[in-house]
Amino acid sequence: MIGRDITSTKTGPLLSALFLFVLVVLAVLAGCGQDKTVWKLTGPTMGTAYHITLVDVPEGVERAELQTAIDAELDAVNQEMSTYIPDSELMRFNRASVGEPVDVSAHLAEVIERSLEIYRNSSGAFDVTVGPLVNLWGFGPDLEPEVIPDAAQIRALREQIGSDALRIDGQQLSRSRPVEIDLSAIAKGHGVDRVADLLVQRGIANFLVEIGGELRTGGVNPSGKTWRIGIERPSAGQVVQQPIQVSDRGVATSGDYRNYYERDGKRYAHIIDPRTGAPVEHRLASVTVIAGTCAEADGYATALNVMGAEAALQLAEELQLAVFLLVKTDSGFEERASSAFQPYLESQGR
Ligand code: ADP
Ligand code: MG
């Protein structure tokens, strides 16, 4: 699993979480026998896969039963938030009448509240109603467009979208215009949080949970130290650009090279700037965010990716967000980190 994560440049997670970790595990197992138990659980979810590493699982936790519970939790997340399940809670809202309040689960309410906060904080760069534009550009259920969308098509759809039309009041969700919600940019992170919460409930303190490149760590790694994660250098595939050390936080990366197509020498990426209606075009190659929850890290990674390097760093300082950017230069990549990210940089030593 780790090899796949690291080597795939187009579809694999660009945050190759376990690259350094693998080396550490091998050293521990070789050096001091089998006194630390390490479990690895993996399975399909959300059009990608989960990879979970558990260290020193308490007695009484049964492995098969635990994995069944994790699968059930992720199924529940999908049943609440997927746009691919016609009768998911989210799709039922998307079909409800405009103005009509719809009762939603506490989890869906929480993710929407978080999404609206990121929408406001990013001045609309992050917008969960952007789906029709994502489809127009060929990154939704519709296929890649035969021809690049024209200005009139884009304008027509831009007029329909906007999270300002959404209202969440406790567990009641409503909309003042016929906008539709797509949580693709934050649901994976939330899925990671749900699995992490389940593990903690069962007394499992040391874990790394990853879904499609978004992850959360708890406690310590198999060598009893803070988890070490490698931020991959875009395009080089297997090279770790920057090692970081992080425990009990969510980590997410948004990059422009994981999901894109090229047409007439131009690259079109799956992150859409709702303010222009077109795929983002700038020299920001990847954005990594560390936050209290993985949902927050995931959402902000997408938001800051839309904003571009300068605006992203400015917002990171304003909100005290831990953010690491890789910016393309003519000769390679430039690293930029916000103040709140400094403690996680391995070279700073901890
Ligand atoms: P990344 O890891 O690159 O941020 P995510 O998987 O988190 O990618 O989110 C990408 C998905 O989010 C897209 O495929 C699209 O469905 C949706 N999306 C695209 N642009 C935006 C945006 N500006 N705001 C919110 N969601 C977006
Ligand atoms: Mg995201």
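One line per residue, one yes/no per condition, for (1) in a loop (DSSP other than H, G, I, E, B); (2) within 23 Å of the chain's Cα centre (by Cα); (3) at pLDDT below 95:
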| site | (1), (2), (3) |
| --- | --- |
| Ser174 | no, no, no |
| Asp182 | yes, yes, no |
| Lys188 | no, yes, no |
| Leu198 | no, yes, no |
| Gly203 | yes, no, no |
Mind checking whether some residue in region 239-250 is within 16 Å of ligand 2 (Cβ to nearest atom), at pLDDT 95 or above and crowded, with 24+ Cβ neighbours inside 10 Å? yes
When you look at Arg175, is it among the basic types (Lys, Arg), out of contact with any strand residue (DSSP E or B) (no Cβ under 8 Å at 6 or more places or on another chain) and farther than 24 Å from Gly255 by Cα, yes or no? no
Output the residue which, of all residues in region 276-288 that are within 9 Å of ligand 1 (Cβ to nearest atom) and either of a type outside the set (A, V, I, L, M, F, W, C) or surrounded by 24 or more Cβ atoms within 10 Å (Cβ to Cβ) (or both), is nearest to the chain's Cα centre (by Cα). Val287
Counting only residues in region 255-275 that are surrounded by fewer than 15 Cβ atoms within 10 Å (Cβ to Cβ) and free of Cβ contacts under 8 Å to residues at least 40 places away in the same chain, the one nearest to ligand 1 (Cβ to nearest atom) is identified as Arg267
If you check Leu183, Leu166, Leu173, which single one turns out to be surrounded by 21 or more Cβ atoms within 10 Å (Cβ to Cβ), of a type outside the set (S, T, N, Q) and under 30 Å from Glu65 (Cβ atoms)? Leu183
Just a yes or no: is a residue in region 219-228 of a type outside the set (Gly, Ala, Ser), in contact with a Pro (Cβ under 8 Å, 6 or more places away or on another chain) and under 30 Å from Arg267 (Cα atoms)? no
Would you call Ser223 assigned to a loop (DSSP other than H, G, I, E, B) and away from ligand 1 (no atom under 16 Å from the Cβ)? yes
Test each condition in (1) assigned to a strand (DSSP E or B); (2) more than 12 Å from ligand 1 (Cβ to nearest atom) for Ala252 and report the one that comes out false. (2)
Have a look at Ala309, Ala297, Ala291 and point out the one that is among the hydrophobic types (A, V, I, L, M, F, W, C), more than 16 Å from Arg120 (Cα to Cα) and within 14 Å of ligand 1 (Cβ to nearest atom). Ala291
Out of region 55-90, which residues are of a type in the set (S, T, N, Q) and modelled with pLDDT of 95 or more? Gln67, Thr68, Asn78, Gln79, Ser82, Ser88
Of all residues in region 122-168, how many are away from ligand 1 (no atom under 13 Å from the Cβ), assigned to a helix (DSSP H, G or I) and β-branched (Val, Ile, Thr)? 1
How many of the residues making up region 123-144 are over 18 Å from Leu90 (Cα atoms) and touching an Asp or Glu at 6+ places or on another chain (Cβ under 6 Å)? 1
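The values are calculated or read from the model by the stated rules, or taken from the named source; none is laboratory data. As the structure is a computational prediction, the values presented were derived from the model and not from experiment. All Cβ positions, glycine included, derive from the backbone under ideal geometry; neighbour counts span all protein chains shown.
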